[in-house]
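Before any comments, here is the structure.
The values are calculated or read from the model by the stated rules, or taken from the named source; none is laboratory data. The shown structure was predicted, so the numbers you read here are calculated from the model rather than taken from an experiment. Note that we place each Cβ from the backbone using ideal geometry, even for glycine, and neighbour counts take in every protein chain shown. These accessible areas exclude ligands, DNA and RNA; they are computed on the full protein's heavy atoms, side chains included. Shrake-Rupley method; radii C 1.70, N 1.55, O 1.52, S 1.80 Å.
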Amino acid sequence: MPKFYLTTAIDYSNGDPHLGHALEKVGADCIARYRRLRGDEVHFLMGMDEHAQAVIQAAEQNGFTPQAWVDRMAERFAGFWHRLECSNDDWIRTTEPRHREAVSELLRRIQGRSPDDLYVDDYEGLYCVGCEEFKQPAQIANGRCIEHPTLELVPTRERNHFFRLSRYRDAVLERIRSGQLLVEPAIRRNEVVRVLEDGLQDISVSRHRSSWGIPFPGDSEQTVYVWFDALINYLSATGFPAEGYRRLWPADLHVVGKGITRFHCIIWPAMLLAAGEALPREVWAHGYVQWEGTKMSKTAGTAVTLGDAIERHGPDALRYFLLREVGFESDGNFSWERFDERYTADLADGLGNLASRALAMLAKFRGGLIPTSAEPGGLDEAGTESVRDYTRAMDALDLRGAAEAAWRLVGTANLYIQQTAPWKLAKEGREAELDAALAALGRALHRLAVLATPFMPGKSRNLWHSLGLTGVPDAKAWASLERPPVGGLTTLRPEPLFPKPASV
Ligand SMILES: [Zn+2]
């Protein structure tokens, strides 16, 4: 079985997770679940970035010690990801001993391999507490960080350890241009290439006398800069530096937001090159969740809480909406109106209606038993096409395209019911045709339960069980998509998959 090691960005422990965090996590989870269906040995990592300076402030304001604060936040984040059925195999926190050891060791390896890659110098610059980063002129607009227009930049001058990032510009550029390090989508790759072509400055990789963080190896006065620390989580979760970490490393896919590509596509590869480690194979940078084309903002009343969004139509519907409507490749819009429309059209009237009609007819005309005798027909061709298009889209991480391909089959199957009118066939005693129609619908539901699994694991499981199948759609189910073995199964008639709420 090929291994597939994928990661999401780890999140700062300052506030609750929002829709942007959720888009990233469910997108990565969708990919993880798809790779498992394809038979890969998936290792899916999520976690928390806990050494930000902002943690000290947040902890103080709320009357906690930093450690007690990050413990609390980690639980809150994990709780949301659990509700959204994220299937991560590991959960790393940068305050864990395994991570602290890996950070120290990676720095020691850089020092050992190329001693002048780390040097001490004075630094003066404008620091954004939101990004935990010194900002370059191109990242500043109206005197503020582009990503954090409401925060003041902090003029900072201190003596730090520096990483000779400039030395790795050509090597990183070459890896990206040759595709050895894939940066997707192309718009993000082009941005990264432009930054590299403009040249790189060395970066400060420690902070002076910070009470919160990992001590810099060999210098008790300095702590490791939070980004340098955080990026290493992907490696520490493999067990690095212990024997056997190469079973997972290099990562096959880092899923991150478009605002942190500089760290993942430039600084992180340079760190790994300096330490003599293999580079990740791919970085995928998703866009932001917006409200009518602008950034969600609490002050403008356009901030949607993740809890409210989950409650609206349940976790599976939110997963589906984020990946189908908001999208995983560029910025996309969230609105309650659009969410309700999608819920009604695609889920309640779409997949939900299809399932309840097909299962009702199976119950009424065949006592729930899916007929065995029928030959594949027109609906099977549509099913095969959907599977093919879905696979092609998923392999290209086009999650929206994959959902579209699956839901085309929903539309075709609902139309098939109208056209074949099984109730008429029953009335006229055309038993062979009725068997053929009901069996074709059974196969369509089987295919849809499998294809929908990465998007809505809970509802797919329900659909799977209503077909009289046990467990969950897995690699064996995927392998049977060409000719779903549903003949002879006894179906059930469960509650509607997607009940219509009174307000919609
Ligand atoms: Zn910022």
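For Cys86, only one of the following conditions fails: (1) of a type outside the set (S, T, N, Q); (2) closer than 25 Å to Trp212 by Cα; (3) in contact with a strand residue (DSSP E or B) (Cβ under 7 Å, 6 or more places away or on another chain). What is its number?
Failing condition for Cys86: (2).
I'd like the full set of residues that are closer than 19 Å to Val255 by Cα and of a type in the set (Ser, Thr, Tyr), limited to region 276-326.
Result: Tyr288, Tyr320.
List pairs: first residue in region 377-405 and under 30 Å from Ala432 (Cβ atoms), second residue part of a helix (DSSP H, G or I) and among the β-branched types (Val, Ile, Thr) anywhere in the structure, Cβ distance under 6 angstrom, at least six positions apart or on different chains.
Taking only residues 6 or more apart or on different chains, the pairs are Ala382/Thr412.
Among the strands (runs of 3 or more DSSP E) confined wholly to region 186-285, which include 1 or more residues that are of a type in the set (A, V, I, L, M, F, W, C) and either in contact (Cβ under 8 Å) with a residue 24 or more places away in the chain or touching a Ser or Thr at 6+ places or on another chain (Cβ under 8 Å) (or both)?
219-224, 253-257
For a quick check of your reading of the model, give me the residue pairs whose first member lies in region 82-97 and is farther than 16 Å from Ile10 by Cβ, whose second is among the charged types (D, E, K, R) and surrounded by 17 or more Cβ atoms within 10 Å (Cβ to Cβ), with beta-carbon atoms closer than 7 Å and at least 6 apart or on different chains.
Final answer for the pair search is Leu84/Lys25; Leu84/Arg319; Ser87/Asp29; Ser87/Arg33.
Select from region 133-179 the residues that are within 16 Å of the ligand (Cβ to nearest atom) and among the hydroxyl-bearing types (Ser, Thr, Tyr) and write down the one among them that is surrounded by the most Cβ atoms within 10 Å (Cβ to Cβ).
Thr156
Residues are listed down the side, and each one gets a yes or a no for (1) open to solvent by less than 10 Å² (accessible area, probe 1.4 Å); (2) closer than 22 Å to Glu85 by Cα; (3) not acidic (Asp, Glu):
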site: Ile31; (1), (2), (3): yes, yes, yes
site: Leu37; (1), (2), (3): yes, yes, yes
site: His43; (1), (2), (3): no, yes, yes
site: Met46; (1), (2), (3): yes, yes, yes
site: Glu50; (1), (2), (3): yes, no, no
site: Val55; (1), (2), (3): yes, no, yes
site: Glu60; (1), (2), (3): no, no, no
site: Thr65; (1), (2), (3): no, no, yes
site: Asp71; (1), (2), (3): no, yes, no
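Determine whether region 94-113 contains at least one residue that is open to solvent by 40 Å² or more (accessible area, probe 1.4 Å), more than 16 Å from the ligand (Cβ to nearest atom) and over 21 Å from Thr223 (Cβ atoms).
Yes, there is a match, as at least one residue in region 94-113 is open to solvent by 40 Å² or more (accessible area, probe 1.4 Å), more than 16 Å from the ligand (Cβ to nearest atom) and over 21 Å from Thr223 (Cβ atoms).
Among the residues of region 114-132 satisfying the criterion of being in contact with a strand residue (DSSP E or B) (Cβ under 7 Å, 6 or more places away or on another chain) and more than 16 Å from the ligand (Cβ to nearest atom), which is most open to solvent (accessible area, probe 1.4 Å)?
By that ranking, first place goes to Glu124.
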